[in-house]
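Have a look at the structure below, then the notes.
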């Protein structure tokens, strides 16, 4: 799909990504639909809103911007986006989590074009991205590296090791985006393992911080363009989102974290997504 | 008595110094090689690379998890990253990263664990890597190399860079005597070297224990027992053919390693022997224990890793063979 700033077209893209996530996970009988729903607008902005430079027919194009899905449980969203972006046939999506399919439960690098890193134990994305930053410098290339983190993922110690190092190396072409939906698997983050004051933590580690409504595609695009101008330090965008966004009864029930909708629930969800 | 003296082996400098030399040579030859360090370059001896190639050397600090995943990103950019630190700290801190960021996709990242075994000595059990073969054995795509002398370290470092895919290389603090002529060592990944011929039993060693095996063979020869000695420098892929041949031709096997017996080289050899040509076996290595701090030679003696320990095992296995 060509890149566009036409908002209705991008909103329609987000809607069809949600429908694909719904069908993939319900068909598989498992997966993480709600964690995928909450990041839909972020990836729509990146891949279809003119932010990410990529060639789906040349996945290893050396000058491409990198997108690293660190919150690997949002794999259904990543697969749907890559299929819509032309990396592989959309029919593959319906083989999610099946034997002999490369559409694994969590992304495995090398099994499908466009997957830039293996994830599914959390916390690795900024570090891998920093490797791409340092490698790009040695290769004389000026691409950007985008990393999508979960909020619960930021409880991992490696995130903060990487945060120290990215600031130390002045990795201003490294942009982390946190899908800040305020829930981890077991419940509200504020109750389970509080992250606030979250923005202050990143600032204290030497990062430039922006906050944005993570479902406002235009605002996300504007924010991501703004952080491209930041020099001498890495940037993090705290994208405030709603877990399960787009389906009311999933939004209202965090236990959908690692659980697919039943076929009956999926029909209700489809109607909501189509009308929403 | 100095290890290797009975077998007439020439002393050499510490293996970590040899590794440092080999790493610097490699960086001079291959501009794609980069070194990541966990703030231990003076310990692992990558300091020479830092001084001569600062643009290809990154001190990631005391953050092994971060360092390993950074290595994955560098490999994706076409570089050959050597991720280096003390083996115990590197593998145990960053096992998840070795598995997720490197092993599952089989990325071209090289992991060098220094101070393998117990012969780092006085820093004690917290710093000793006595479980690195088992840990790396748990990551299916990693090739595992354990050089036993200066020539084989140089060859192993070169092979590590040339072979595409995840590699683990064990380095050590201790000096290992020359097994091979200084610049003439056969080294093919997955192919064990016969370093002594003999028909009564085979002693299979790796790392420091190759020299111990040759000492033991010299002592056994005085008793009229002729031992074949194999240098098992590659633990994965393991040389099934050399092991099966040794079992068939000599009828008894002793393994010797500076590592836990549980999950180490010997247990993997036993699996191959059991499947190909079952013969009596004995295993020299660390029992399920953490050692004291202390002088390396004293530790080797206390925990049963001397040539004499191999001799005792050899006598038993030869007797069992005749029974």
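The values are calculated or read from the model by the stated rules, or taken from the named source; none is laboratory data. Note that the structure is predicted; figures quoted are calculated from it, not measured. Positions of Cβ are backbone-derived with ideal geometry, glycine not excepted, and every protein chain shown enters the neighbour counts.
Below is a table of values for the structure above.
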| quantity | calculated |
| --- | --- |
| Yes/no for residue B:175 being modelled with pLDDT of 95 or more and out of contact with any helix residue (DSSP H, G or I) (no Cβ under 9 Å at 6 or more places or on another chain) | no |
| Lone qualifier among B:83, B:33 - being within 13 Å of chain A (Cβ to nearest Cβ) and within 21 Å of the chain's Cα centre (by Cα) | B:83 |
| Candidates B:38, B:8 - the one that is more than 10 Å from chain A (Cβ to nearest Cβ) and in contact (Cβ under 8 Å) with a residue 60 or more places away in the chain | B:8 |
| Those residues of the stretch A:188-222 which are loosely packed, with under 14 Cβ neighbours inside 10 Å and part of a strand (DSSP E or B), in sequence order | A:188 |
| Every residue from the stretch A:243-258 that is surrounded by 17 or more Cβ atoms within 10 Å (Cβ to Cβ) and not in a helix (DSSP H, G or I) | A:243, A:244, A:245, A:246, A:247, A:257 |
| Subset of the stretch A:60-79 (residues that are part of a loop (DSSP other than H, G, I, E, B), touching a residue at least 40 places away in the same chain (Cβ under 8 Å) and over 24 Å from residue A:28 (Cβ atoms)) | A:62, A:63, A:64, A:65 |
| Which listed residue is more than 15 Å from residue B:243 (Cα to Cα), at pLDDT 95 or above and surrounded by 22 or more Cβ atoms within 10 Å (Cβ to Cβ), from B:195, B:210 | B:210 |
| Unmet requirement for residue B:100, which otherwise passes all of (1) touching a helix residue (DSSP H, G or I) at 6+ places or on another chain (Cβ under 9 Å); (2) within 21 Å of residue B:131 (Cα to Cα); (3) more than 7 Å from chain A (Cβ to nearest Cβ) | (3) |
| Pairs, first free of Cβ contacts under 8 Å to residues at least 60 places away in the same chain in the stretch A:14-27, second buried (at least 17 other Cβ atoms within 10 Å of the Cβ), C-beta under 8 Å, six or more apart | A:21/A:33; A:21/A:36; A:21/A:37; A:21/A:40; A:21/A:76; A:21/A:77; A:21/A:80 |
| Scope the stretch B:62-79; condition without any contact (Cβ under 8 Å) to a residue 40 or more places away in the chain and more than 7 Å from chain A (Cβ to nearest Cβ); matching residues | B:62, B:64, B:67, B:75 |
| Qualifying positions in the stretch A:124-158 - closer than 24 Å to residue A:220 by Cα, within 11 Å of chain B (Cβ to nearest Cβ) and in contact with a strand residue (DSSP E or B) (Cβ under 7 Å, 6 or more places away or on another chain) | A:125, A:126, A:128, A:129, A:130, A:132, A:133, A:143, A:145, A:147 |
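Okay, residues lined up against (1) away from every other protein chain (no Cβ under 14 Å); (2) under 19 Å from residue A:246 (Cβ atoms); (3) within 18 Å of the chain's Cα centre (by Cα); (4) surrounded by 15 or more Cβ atoms within 10 Å (Cβ to Cβ):
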residue: A:35; (1), (2), (3), (4): yes, yes, yes, yes
residue: A:46; (1), (2), (3), (4): yes, yes, yes, yes
residue: A:63; (1), (2), (3), (4): no, no, no, no
residue: A:66; (1), (2), (3), (4): no, no, yes, yes
residue: A:82; (1), (2), (3), (4): yes, no, yes, yes
residue: A:91; (1), (2), (3), (4): yes, no, no, no
residue: A:94; (1), (2), (3), (4): yes, no, no, no
residue: A:109; (1), (2), (3), (4): no, no, yes, yes
